[in-house]
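The values are calculated or read from the model by the stated rules, or taken from the named source; none is laboratory data. Keep in mind that this is a model prediction, so the values were computed, not measured. Glycine gets a Cβ as well: all are built from the backbone with ideal geometry, and neighbour counts include every protein chain shown. Heavy atoms of the whole protein, side chains included, go into the accessibility calculation; ligands, DNA and RNA do not. Shrake-Rupley method; radii C 1.70, N 1.55, O 1.52, S 1.80 Å.
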Amino acid sequence: MSTFKAPKGTYDLLPPESATYLAVREAIAAPLRRSGYGYVETPGFENVELFARGVGESTDIVTKEMYTLTTKGGSELALRPEGTASVLRAALEANLHKAGNLPVKLWYSGSYYRYERPQKGRYRHFSQVGAEAIGAEDPSLDAELIILAHDAYRSLGLRNFRLLLNSLGDRTCRPVYRAALQEFLRGLDLDDDTRARIEINPLRVLDDKRDSVQRQLKDAPMMRDHLCEECKAFHEEVRTLLTAAGVAFEDDPRLVRGLDYYTRTTFEFVHDGLGSQSAVGGGGRYDGLSEMIGGPPLPSVGWALGVDRTVLALEAEGVRLELPPTTEVFAVPLGDEARHRLFALVTALRREGVAADLSYGSKGMKNAMKSANRSGARFALLLGDRDLAEGVAQLKDLESGEQKSVALDRVVAEVTATVR
Ligand code: ATP
Ligand code: MG
C-alpha cells in the first residue's frame with residue numbers, strides 16, 4: 001500500500017476490468033465512425049466562462065459541480081464538466097462550419113470532472129463518449145444520433161434500457177410556456193432555493209427528484225401542450241424516423257435535463273438495473289448554444305453517453321463482453337539459451353500480430369506454468385535443454401493438455417496458423 005489513495009469520488013481502471021471499459025468506448029465509437037463522424041479532441045480544461053455561458057449560469061454543473069482554478073498567470077480555468085461546449089468552441093475556432101459542408105459531425109471520448117456527492121454510478125471523474133452534429137436543423141440528424149446510441153447499446157448486448165423522449169420547444173414557443181409554468185410554480189409550497197429556481201430556470205423544477213415537489217407538479221402545464229407548429233412537426237418527424245428504424249421510445253413530457261442550452265429534441269437513455277443513477281446517456285438539440293458562446297447561428301444536436309454507467313449496466317444485466325484474449329501464446333524458457341531463443345520468437349510472433357508473452361525473471365517451471373495459465377493464453381511454448389539440442393520447441397494446448405514438437409524455425413509460421 002502506498003501512503004496515497006485515489007482522490008474521493010474517483011477510481012482507477014485496472015486490468016482485467018479495464019479491458020471492458022476500452023471495449024465499451026470502442027462499441028460506442030464504432031457506429032459513429034461508420035456514419036461520417038470525425039474524431040475531435042479538446043483540452044481537459046477550458047476558460048471557465050465557456051462553461052458558464054455554454055452550460056448555463058443556473059445549472060448545477062456550473063453553480064456546484066465545476067472544478068475551477070486560477071493559473072499562476074491569472075487565467076480562470078475549469079476542468080471540463082461536459083463535452084459539448086468545448087467541441088463547439090473548437091469547431092468555431094477552426095472555422096469548420098465555414099468549409100461549406102454542414103453539418104460538421106464530430107465525436108469524442110474522454111474524461112470529465114464534476115464535484116458531486118460520490119455514490120455508485122456518480123463519480124468526480126468519469127468518462128463519456130459523445131457526438132455532435134453541428135449546423136443543420138434537420139430532424140434526420142436527431143434521429144440518426146438517437147439510433148446510433150441505441151445501436152451502440154444493443155451491440156454491447158444491453159436489453160434493459162429505455163429511451164425517454166421530449167421536445168423543449170424553441171425560441172418562439174418556449175418563452176410562452178416558461179411564463180405559464182412560472183405562474184403555476186409560484187403558487188406552490190416550495191423551499192427558497194426552488195423558488196429562486198422558478199425565476200432563473202423554471203423548467204428544471206420539473207426535474208426535481210423529491211416526492212414532496214413531484215406531488216405538487218401533477219397539474220403543471222407541459223411543454224408538449226405549448227409547442228408551436230414548427231416544433232410539433234419537427235418532433236413528429238423525429239418520432240416517425242425512430243419508429244421506422246425500430247427504435248422504441250417513451251414520451252416523457254417532464255424530461256428537461258440539466259443543461260440550459262437544449263431546444264426541441266431532448267432525450268435520455270435510462271437503464272433499469274442502476275438504481276437512482278439510472279441515466280446512462282442523454283442529449284438533445286441545442287440550436288442556441290453557438291450564439292451563446294459568440295458564434296453564428298448553428299442549430300445542432302448531440303449526445304454524451306456515460307462509459308462508467310454503461311459498464312455498470314452490463315454488470316447489472318450479467319452481460320460479459322467477448323474480448324479478444326490479451327495473450328494467445330505464453331512462452332516458458334528453461335535456461336539462459338532458451339530464454340534468448342524464446343525472446344526472439346516472441347518478438348517475431350508479436351510482429352506477426354500474435355499476442356505473445358514470456359515468463360520473465362528466473363522462475364522455475366512450476367511458477368512459469370502458473371503464469372502461463374494466469375495469462376489466459378490458449379497455448380504455452382516450452383523450451384528446455386533437450387528441445388534445444390533437438391532444434392524444437394514444445395507447443396502445449398493449455399485447454400486440452402495436448403503437446404507437440406515444432407521445429408524452431410517453423411514456430412512462428414505454425415503458431416500463427418494455429419491461433420488464426
Ligand atoms: P445525472 O442526472 O445522473 O446527474 P446528467 O444529466 O448530469 O446525469 P449528462 O450531463 O447528460 O448527465 O451526462 C451524460 C451521461 O454522463 C449521463 O447520462 C451519465 O451516464 C454520465 N454521467 C454524468 N455525470 C456523471 C458522474 N458524475 N459520474 C458518472 N457518470 C456520469
Ligand atoms: Mg448531473
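Below are the figures for this structure:
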| read-out | value |
| --- | --- |
| Filtered residue count, the range 341-367, keeping only those that are assigned to a strand (DSSP E or B) and open to solvent by 20 Å² or more (accessible area, probe 1.4 Å) | 1 |
| Residue that is farthest from ligand 1 (Cβ to nearest atom), among those in the range 43-62 that are part of a loop (DSSP other than H, G, I, E, B) and open to solvent by less than 20 Å² (accessible area, probe 1.4 Å) | 56 |
| Matching residues in the range 110-144 - criterion: being assigned to a strand (DSSP E or B), open to solvent by less than 50 Å² (accessible area, probe 1.4 Å) and either within 16 Å of ligand 2 (Cβ to nearest atom) or among the polar types (S, T, N, Q) (or both) | 111, 112, 126, 127, 128, 130 |
| Pair list, Cβ < 7 Å and 6+ apart or interchain, from the range 68-91 residues that are at pLDDT below 95 to residues that are buried (at least 23 other Cβ atoms within 10 Å of the Cβ) and among the aliphatic types (A, V, I, L, M) | none |
| Positions within the range 262-273 being open to solvent by less than 30 Å² (accessible area, probe 1.4 Å) and at negative phi, in sequence order | 262, 263, 265, 266, 267, 269, 270, 271 |
| Test result for residue 147, more than 19 Å from residue 271 (Cβ to Cβ) and either surrounded by fewer than 21 Cβ atoms within 10 Å (Cβ to Cβ) or away from ligand 2 (no atom under 14 Å from the Cβ) (or both) | no |
| Residue list for the range 285-311, filter: open to solvent by 10 Å² or more (accessible area, probe 1.4 Å), assigned to a helix (DSSP H, G or I) and closer than 14 Å to residue 171 by Cα | 291, 292 |
| Residue 336, sole failed condition from (1) open to solvent by 90 Å² or more (accessible area, probe 1.4 Å); (2) free of Cβ contacts under 8 Å to residues at least 12 places away in the same chain; (3) within 24 Å of residue 420 (Cα to Cα); (4) not β-branched (Val, Ile, Thr) | (3) |
| Failed criterion for residue 216 (all others in (1) surrounded by 13 or more Cβ atoms within 10 Å (Cβ to Cβ); (2) out of contact with any Asp or Glu (no Cβ under 9 Å at 6 or more places or on another chain); (3) outside the structural domain of residue 254 (by TED's automatic domain parsing) hold) | (2) |
| Given (1) surrounded by fewer than 22 Cβ atoms within 10 Å (Cβ to Cβ); (2) within 14 Å of ligand 1 (Cβ to nearest atom); (3) not hydrophobic (A, V, I, L, M, F, W, C), index of the condition residue 76 fails | (2) |
| Pairs with Cβ under 6 Å, 6+ apart, first in the range 347-375 and within 18 Å of residue 328 (Cβ to Cβ), second open to solvent by 30 Å² or more (accessible area, probe 1.4 Å) and outside any helix (DSSP H, G or I) | 354/328; 355/328; 375/357 |
| Any chance residue 274 is touching a Leu at 6+ places or on another chain (Cβ under 9 Å), of a type in the set (A, V, I, L, M) and more than 25 Å from residue 137 (Cβ to Cβ) | yes |
